[in-house]
Each structure stands twice: as structure tokens, then as C-alpha cells.
1. On the basis of being among the basic types (Lys, Arg) and modelled with pLDDT of 95 or more, does Lys56 make the cut?
2. Counting just the residues of region 24-83 that are aromatic (Phe, Trp, Tyr) and outside any loop (DSSP other than H, G, I, E, B), which one comes out farthest from Ser131 (Cα to Cα)?
3. Please work out if Thr158 is over 19 Å from Phe50 (Cα atoms) and polar (S, T, N, Q).
4. Out of region 126-171, which residues are within 14 Å of Gly104 (Cα to Cα) and either assigned to a loop (DSSP other than H, G, I, E, B) or among the acidic types (Asp, Glu) (or both)?
5. Inside region 25-72, can you point out the residues that are at positive phi and exposed (fewer than 12 other Cβ atoms within 10 Å of the Cβ)?
6. If I ask for residues that are assigned to a loop (DSSP other than H, G, I, E, B) and surrounded by fewer than 16 Cβ atoms within 10 Å (Cβ to Cβ), which ones from region 88-107 would you list?
7. Give the residues of region 127-147 that are under 15 Å from the mean Cα position of the chain (by Cα) and over 13 Å from Trp90 (Cα atoms), sorted by residue number.
Amino acid sequence: MTRFLPLAAALLAASVFGSAHAADPTPPTAWYWHNWTDHDGVSHMTRCPFHDYDLKTMSKPAGPQWQDHVHEGNAHIISTVQPAHWDGSWHPDPKVQWIIPLKGSWYVTAMDGKKVVMGPGDVSLGEDQMSRRDAKGHIGHFAGNIGDGPVTLMVIQTDEQPTVDKPCRFH
């Protein structure tokens with residue numbers, strides 16, 4: 001599946017900030033939502049920046065573009081279509097994974113109660129594997145679709161190990 005990493009990187013870059021202007025010497029800032037776990041096993045949603053960009057070409061003779069190498073390593077790329085009214089119930093992510101909505105809108109509710117609605121152009125990093133079941137039986141996050149149609153997501157599962165107390169660790 002590593003042959004898909006360039007495609008995954010392009011999808012991630014295009015979804016978070018669209019086109020970059022090489023004439024502008026100021027590196028851009030793009031954003032993602034990080035679903036992370038604290039030391040008490042509670043998941044949280046935090047808005048985080050991508051901001052370590054270098055202006056360079058990916059393949060000559062193509063012009064330069066801003067690049068932030070977020071992850072290098074093995075990845076599995078999954079395209080998923082959640083049916084209308086999909087119910088994700090409470091669950092942790094199976095792996096540290098980037099989730100990019102391609103069509104439709106969905107939401108993620110963390111154990112702390114924060115709910116984030118995302119659609120095309122948004123990016124989420126699911127890293128709540130270290131969450132612990134609370135008194136209400138909640139663990140990880142609750143997810144579902146918004147509206148009456150299906151939601152198409154691109155999921156990029158990484159070989160990263162989940163962490164605790166490290167919101168916004170990818171930049």
C-alpha cells in the first residue's frame with residue numbers, strides 16, 4: 001500500500017489549503033482536527049496547525065509548492081462510503097489515521113463532549129486508541145453522518161504508535 005503514499009499526501013495537501021502561491025514567500029498555515037487522548041483516558045478534539053512548510057518542487061519540472069512532510073512510513077489507504085444515517089457508536093480509532101471527507105458531512109464527538117462537524121476541505125487525525133471506558137460506557141469517540149445522504153471519506157491509516165497527552169503533535 002505504500003505505493004499510494006504520494007496520492008495520500010496530495011489528497012491531504014489539497015484538502016487542507018487548496019492552491020499555494022509560489023510568489024508569496026510566507027509559508028502558509030493549514031488546519032486539522034486532532035482527536036487525542038489525555039492521561040486520564042479521555043478523548044478531546046483540538047484544532048491544530050500544519051505550519052512547517054518548505055517551498056520546493058515535488059517533481060521537476062513542476063513548479064514549487066509548499067510542503068509539510070507530516071508522516072513518512074507505511075500507510076494503508078481506504079476509501080469508505082458510509083450509508084445515509086450511518087451510526088458510528090462509541091469506539092476508538094483502529095489505528096492512528098487521517099480522515100478526509102470527500103463528499104458529504106460527518107461529525108465526531110469526543111468523550112469530553114466536544115462535537116466537530118467536518119466536510120470536504122476538512123481533515124481529522126484519529127488518535128484515541130488509548131482512551132478508557134468512562135462511567136457512561138463511552139470510549140474513543142462517537143461519529144455519524146449529517147443529512148440524508150451517504151458520506152465518502154478517504155482514510156489513511158499510518159504505522160504511528162498512539163500517544164497520550166500530545167495534542168497537535170503533527171505539524
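The values are calculated or read from the model by the stated rules, or taken from the named source; none is laboratory data. All of these numbers come straight from a predicted model, not from anything done at the bench. Cβ: placed from backbone, ideal geometry, glycine included. Neighbour counts: every protein chain shown. Areas reflect the complete protein model, heavy atoms only, side chains present, ligands, DNA and RNA absent. Shrake-Rupley method; radii C 1.70, N 1.55, O 1.52, S 1.80 Å.
1. So Lys56 does not fit the description; no.
2. Per the criteria, the residue is Trp66.
3. Numbers: over 19 Å from Phe50 (Cα atoms): no; polar (S, T, N, Q): yes.
In short, no.
4. Initial filter on region 126-171 (within 14 Å of Gly104 (Cα to Cα)): 143-154.
Answer for region 126-171, where residues must be within 14 Å of Gly104 (Cα to Cα) and either assigned to a loop (DSSP other than H, G, I, E, B) or among the acidic types (Asp, Glu) (or both): Gly147, Asp148, Gly149, Pro150.
5. Selection gives nothing.
6. Passing the criteria: only Pro94.
7. Glu127
The rows are residues; the columns are (1) among the hydroxyl-bearing types (Ser, Thr, Tyr); (2) open to solvent by less than 70 Å² (accessible area, probe 1.4 Å); (3) touching a residue at least 12 places away in the same chain (Cβ under 8 Å).
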| residue | (1), (2), (3) |
| --- | --- |
| Trp86 | no, no, yes |
| Thr109 | yes, yes, yes |
| Glu127 | no, yes, yes |
| Met130 | no, no, yes |
| Ala135 | no, no, no |
| Leu153 | no, yes, yes |
| Pro162 | no, yes, yes |
